[in-house]
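Novice: Encoded as structure tokens, here's the structure I'll be asking about.
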Amino acid sequence: METIINKLSNVLGEAFKSCGYDAKYGKVTVSNRPDLCQFQCNGAMIGAKQFQKAPFVVANEVVNSLNKEIFEKVEVVNPGFINITLKDEFIVSFIKEMANDKDLGLIKIANGENVVIDYGGPNVAKPLHVGHLRSAIIGEAVKRLTSALGYNAIGDIHLGDWGLQMGLIITEYAESHPDCVYFNDKYTGEYPKLEITLDELNEIYPKASARSKVDEEYMARAQKATFDLQKGKPGYTAFWKEILKISVGDLKKSYEKLNVNFEYWYGESDSEKYIPDMLDKFIKDGFAYESEGALVIDVEKPEDKAPMPPVIVRKSNGSQIYATTDLATIVQRVQDFNPKMMLYFTDNRQGLHFEQVFRAARKTKIVSDDVVLEWNGFGTMNGKDGKPYKTRDGGVMKLQDLIDTVCSAALEKMQEAKTGLELSEEEKKETALKVGIAALKFGDLINFRAKDYIFDLDKFMSFEGKTGPYLLYTMVRLKSILRKAEEKDFKIGGIGLPKTDVERDLMLKLLTINESFVQAFNDKAPSVICESAYQIAALANRFYYENKILSEEDEVRRGNLLALSEYVLKVLKLHMDVLAIDVPERM
Ligand code: ARG
């Protein structure tokens, strides 16, 4: 299979070539004037300088030499556009080929090369809050998109489990539990299980963090504890392992609700074993040097317009920091996965950090030049006041509370709209969970990743417009048509010639899913997948309204309509699978 754009570009390219021009000018795009044509080629204008002829003349030569077999109409319009309309027979044969393809016509752009996707990035012992939503769901969508396009995508959560926050937790807990064996240096026995509830655990960090900001001596103790933990002090290590266990158990639950799954639950701490050799090599190769007691690497470039501070890889007190673990993690990933790309998803504020880390990685050659290192920032979820989303009393909202809010709103909405009446109470709750998560995720993902957006529950929950519930509703309806057809023993035929404009428009939209998926991947933009899903769903709804599928008397025509419905549903499902949004059977 090839994409429709490639197919058409080849046909046009041949025509350019036969007129003595480079075939590359035959590049075809989807029309930006769908009222005039379906596709267009602007090559005659793009190459005007080289051709030394009026674009209009070139376009006419090309069109005259074109094999018109698959075209309904090919027209040259001033100043040299080539407007293209396909024959319905060709559209249908192409769509049929896609519908019969095991990947629904989605063409792979890779051969199973490894791509590491670093997303999620929560910090141990700090509850997930709304700020963690975006990294998780954007990263998961990009990961699934990456695999759908033929790479072997490897998701790594990269837990924050090694920095000062761990030292703060140790210091705080040790102070309130001085008799605890973890903190007794003379203790040599086996360490017991840590008896602490999640709620207790979640209270420790905020308290410690606040105190460290006003109490220097306390801060110094926390830094010392961080250092000792990193050096492997047995009691601290045992305590830390217990905290990690409790925290990860809780994280898994929240991520599961969002359909977010990681292949690896590595943390910053897993990079520890690569650090000593890495730092030695940095020093030996002359990249790292001591500055005010710290070990640093210069990463400035002459062309820099903004200040580019050196990367600190070891603090003056001997501790490693964020950049150190990120560099060592690159070493680990190269060793374990030999990836073609490493993609990172964090909020927009970490841009400088990653720029520094990537420059240091290139300079020290811990990764070869052909491996892509790419940081993708995302914006903030704001409240209606345009400021980062808060709870009613002004606190940071826990992710779990946000999920609960959205799901109860979904249940209310379903009751209001009187949908899902045939469902049992239990099924209704399950469905509301799916609708709520869909509303939340789609409402987020439809916004271009890098931009801030406003969390507007009413808008996200609406059954109309670019929303999760609208998509689910459309798909549930298609499912219901296909279910009823099966009950009535109606045969699903093959896709047939379009008899209405909406059918043709729907087919044309389906023809270009490859372009949407590849663009979404290039820009690491799940919003492109959302937009494509919405466009298809909107046409599918019109298609459903304008054609009485189940009451169609003509058996052949009915079979055609059912076949198109079936393919549309599968393609929508493909989109939702990438977005990691579950679709209920009924709602
Ligand atoms: N734990 C970090 C934070 O909360 C995010 C980690 C992102 N990934 C990375 N490789 N640095 O800011």
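Novice: Of the numbered conditions (1) in a helix (DSSP H, G or I); (2) of a type outside the set (A, V, I, L, M, F, W, C); (3) under 33 Å from the mean Cα position of the chain (by Cα), D277 fails exactly one; give the number of that condition.
Specialist: (3)
Novice: Now, a different point. What number goes with the only condition from (1) modelled with pLDDT of 95 or more; (2) open to solvent by 40 Å² or more (accessible area, probe 1.4 Å); (3) within 15 Å of the ligand (Cβ to nearest atom) that R144 does not pass?
Specialist: Among (1) modelled with pLDDT of 95 or more; (2) open to solvent by 40 Å² or more (accessible area, probe 1.4 Å); (3) within 15 Å of the ligand (Cβ to nearest atom), R144 violates only (3).
Novice: Among the residues of region 251-274, count how many are under 17 Å from K398 (Cα atoms), in a loop (DSSP other than H, G, I, E, B) and among the acidic types (D, E).
Specialist: Result for region 251-274: 0.
Novice: Just to verify a result, which residue in region 131-141, among those that are buried (at least 21 other Cβ atoms within 10 Å of the Cβ) and within 14 Å of the ligand (Cβ to nearest atom), is farthest from the chain's Cα centre (by Cα)?
Specialist: Restricting attention to region 131-141, the residues satisfying the condition of being buried (at least 21 other Cβ atoms within 10 Å of the Cβ) are 132-141.
Add one more test, that the residue is within 14 Å of the ligand (Cβ to nearest atom), and what stays is 132-136, 138-139.
Values: H132: 13, L133: 12, R134: 9, S135: 8, A136: 8, I138: 3, G139: 4 Å.
That would be H132.
Novice: So, in region 104-129, of the ones that are closer than 17 Å to T380 by Cβ and open to solvent by 10 Å² or more (accessible area, probe 1.4 Å), which residue ends up nearest to the ligand (Cβ to nearest atom)?
Specialist: Checked region 104-129; the qualifying residue nearest to the ligand (Cβ to nearest atom) is G121.
Novice: Taking the options L433, L440, name whichever one is within 23 Å of the chain's Cα centre (by Cα), under 27 Å from G249 (Cα atoms), modelled with pLDDT of 90 or more and open to solvent by 50 Å² or more (accessible area, probe 1.4 Å). Full working, then the answer.
Specialist: On the way: L440 fails: open to solvent by 50 Å² or more (accessible area, probe 1.4 Å).
It is L433.
Novice: Give the residue, chosen from N348, N382, that is surrounded by fewer than 18 Cβ atoms within 10 Å (Cβ to Cβ) and at pLDDT below 95. Please lay out each step first, then the result.
Specialist: Numbers: N348 fails: at pLDDT below 95.
None of the others qualify; the one that does is N382.
Novice: Among the residues of region 149-169, what is the count of those that are within 20 Å of N338 (Cα to Cα) and more than 13 Å from the ligand (Cβ to nearest atom)?
Specialist: First pass over region 149-169, keeping only residues within 20 Å of N338 (Cα to Cα): 149-158.
Now restrict to residues that are more than 13 Å from the ligand (Cβ to nearest atom): 149-154.
Residues flagged as within 20 Å of N338 (Cα to Cα) and more than 13 Å from the ligand (Cβ to nearest atom) within region 149-169 amount to 6.
Novice: Also, quick follow-up: Give region 519-555 a look and list any residue that's assigned to a loop (DSSP other than H, G, I, E, B) and open to solvent by less than 20 Å² (accessible area, probe 1.4 Å), or say none.
Specialist: Of everything in region 519-555, those that are assigned to a loop (DSSP other than H, G, I, E, B) and open to solvent by less than 20 Å² (accessible area, probe 1.4 Å) turn out to be K524, A525, N547, I549.
Novice: Shifting gears a bit: Hey, could you check region 510-563 for residues that are β-branched (V, I, T) and in contact with a helix residue (DSSP H, G or I) (Cβ under 7 Å, 6 or more places away or on another chain) and say which is nearest to E486 (Cα to Cα)? Spell out the reasoning first.
Specialist: Here is the first cut: in region 510-563, the residues β-branched (V, I, T) are 512-513, 518, 528-529, 536, 549, 556.
From the residues that got through so far, the ones that are in contact with a helix residue (DSSP H, G or I) (Cβ under 7 Å, 6 or more places away or on another chain) too are 512-513, 528-529, 536, 549.
Details: T512: 29, I513: 28, V528: 34, I529: 30, I536: 24, I549: 13 Å.
Among those that are β-branched (V, I, T) and in contact with a helix residue (DSSP H, G or I) (Cβ under 7 Å, 6 or more places away or on another chain), it is I549.
Novice: Restricting to region 46-75, what's the tally of residues that are within 40 Å of the chain's Cα centre (by Cα), among the β-branched types (V, I, T) and either farther than 14 Å from V11 by Cβ or outside any loop (DSSP other than H, G, I, E, B) (or both)?
Specialist: Of the residues in that region, 2 qualify.
Novice: Does A99 qualify as being modelled with pLDDT of 95 or more and either touching an Asp or Glu at 6+ places or on another chain (Cβ under 9 Å) or of a type in the set (D, E) (or both)?
Specialist: Working: modelled with pLDDT of 95 or more: yes; either touching an Asp or Glu at 6+ places or on another chain (Cβ under 9 Å) or of a type in the set (D, E) (or both): yes.
Against the criterion (modelled with pLDDT of 95 or more and either touching an Asp or Glu at 6+ places or on another chain (Cβ under 9 Å) or of a type in the set (D, E) (or both)), A99 qualifies.
Novice: Answer with yes or no whether Y344 is over 23 Å from the mean Cα position of the chain (by Cα) and near the ligand (Cβ under 9 Å from one of its atoms).
Specialist: The answer is no for Y344.
Novice: Would you confirm whether or not region 364-384 contains a residue that is free of Cβ contacts under 8 Å to residues at least 12 places away in the same chain, out of contact with any Pro (no Cβ under 7 Å at 6 or more places or on another chain) and not in a loop (DSSP other than H, G, I, E, B)?
Specialist: No; the residues of region 364-384 include none that is free of Cβ contacts under 8 Å to residues at least 12 places away in the same chain, out of contact with any Pro (no Cβ under 7 Å at 6 or more places or on another chain) and not in a loop (DSSP other than H, G, I, E, B).
Novice: Out of everything in region 1-54 that is without any contact (Cβ under 8 Å) to a residue 40 or more places away in the chain and of a type in the set (F, W, Y), what residue ends up being surrounded by the fewest Cβ atoms within 10 Å (Cβ to Cβ)?
Specialist: F51
Novice: Could you give me the residue pairs with C-beta distances under 8 Å whose first residue belongs to region 109-129 and is farther than 16 Å from V372 by Cα and among the hydrophobic types (A, V, I, L, M, F, W, C), whose second residue is open to solvent by 10 Å² or more (accessible area, probe 1.4 Å) and near the ligand (Cβ under 10 Å from one of its atoms) wherever it lies, and which are 6+ apart or on separate chains?
Specialist: V124/Q165; A125/Q165
The values are calculated or read from the model by the stated rules, or taken from the named source; none is laboratory data. All figures in this text were calculated on a predicted structure; none of them were measured in a lab. All Cβ positions, even for glycine, are placed from backbone atoms using ideal geometry, and neighbour counts span all protein chains on display. SASA here: full protein model, heavy atoms, side chains in, ligands and nucleic acids out. Shrake-Rupley method; radii C 1.70, N 1.55, O 1.52, S 1.80 Å.
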